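*Asks:* Please read through the structure below; I'll follow up with questions.
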Amino acid sequence: MSTSNSKKSTELVELLSTIVERTRKHKDSLPEHDARGTSFWRGVSFSLSGVDYLAPMDEISEIIPIPETTDVPGVKSWLKGVSNLRGVLLTLIDLQEFLGRSSSRNVLRQRVLVLDQKGSYLGLIVDEVTGMQHFEEKDLKEEGLTADAAVAPYIVGAFERDQEVWRIFGMKELAESAAIHQIAVV
């Protein structure tokens, strides 16, 4: 490689490093509202059985592909095992099965929503993560959110856009529910 190309590569790496550093430094100072003063709600959109849901952005610590797991004997079928996530124990739960439905068979699209519950990590396997969504907070609905009895205890709100309802799946409510902690087969 010529000296000129090497210098350009070094400059590019330095520029990218500077951008990353500045982005990290200022990420918390980004506005939560636009110039009109409108506040926004942010969430990660995911699907279960073809239905779109939202997970509040502040309740998801990361999104990962399904990791290699170790089985845990004597537990319900929806607990898929445990995994080592950078030195931390991650319990994996198939959210479809937990809700009493058949698990998705499209493992290439499945993802794990990782929740950090005060140092205890819970990984929820969902059919697909479809992106981030932003809604005006004033458009939050809190009544008549779902007729699906399996998910109803975990739906904490909803937004509507272009005649499509986006239900907010309360990950905190799920993680704190008694049902998620009843894992043993009796």
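*Asks:* For the stretch 132-186, which semi-axes, largest first and in whole Å, follow from the square roots of 5 times the eigenvalues of its Cα gyration tensor?
*Replies:* One finds semi-axes of 27, 12, 9 Å for the stretch 132-186.
*Asks:* Next up: Within the set of other residues whose C-beta is less than 14 Å from the C-beta of Gly81, count the net charge using Lys and Arg as +1 and Asp and Glu as -1.
*Replies:* Result for the local shell: -2.
*Asks:* Still on this structure: Looking only at trypsin sites (Lys or Arg not before Pro) in DSSP loops with at most 10 other Cβ atoms within 10 Å, what is the longest site-free stretch of the chain?
*Replies:* Value returned for the longest uninterrupted segment is 119-186.
*Asks:* Right, next: So what's the back-of-envelope 222 nm ellipticity for the chain, counting only DSSP H runs of four-plus at -39500 (n - 2.57) apiece and dividing by all residues, rounded to 500?
*Replies:* When only DSSP H runs of four or more count, the value is -5500 deg cm²/dmol.
*Asks:* Oh, and also: Please give the net charge around Glu176, taking every other residue with its beta carbon less than 13 angstrom from that of Glu176, where Lys and Arg add +1 and Asp and Glu add -1.
*Replies:* In short, 0.
*Asks:* Rounding to the nearest 10 and keeping the result within 0 to 90°, find how far the Cα-based axis of helix 3-26 lies from the longest principal axis of the chain.
*Replies:* 50 degrees
*Asks:* Let me ask you something else. Explain nothing, just the number: relative contact order of the chain, from Cα pairs under 8 Å at least 6 residues apart, as a whole percent.
*Replies:* Answer for the chain is 22 percent.
*Asks:* Could you give the alpha-carbon Rg of the chain over 2.2 N^0.38 Å, rounded to two decimals?
*Replies:* 1.26
*Asks:* For the stretch 35-100, run through the GluC sites (Glu not before Pro) and keep only the ones in DSSP coil with at most 16 other Cβ atoms within 10 Å of their Cβ.
*Replies:* Sites meeting the loop and neighbour criteria: Glu68.
*Asks:* Hey, fewest Cβ within 10 Å first, where do Thr130, Thr70, Thr91 land in order?
*Replies:* Final ranking by Cβ density, sparse to dense: Thr70, Thr130, Thr91.
*Asks:* Here's something else I'd like to know. Filter the GluC sites (Glu not before Pro) in the stretch 111-162 down to the DSSP loop ones having no more than 13 other Cβ atoms within 10 Å, then list what survives.
*Replies:* When the GluC sites (Glu not before Pro) of the stretch 111-162 are filtered for loop state and at most 13 Cβ neighbours within 10 Å, Glu142, Glu143 remain.
We did not get these values from a lab; they are worked out from the coordinates using the rules stated. Please read these numbers as outputs of a predicted model, since none were measured by experiment. Heads up, the Cβs are rebuilt from the backbone with ideal geometry, glycines too, and the neighbour counts pull from every protein chain shown.
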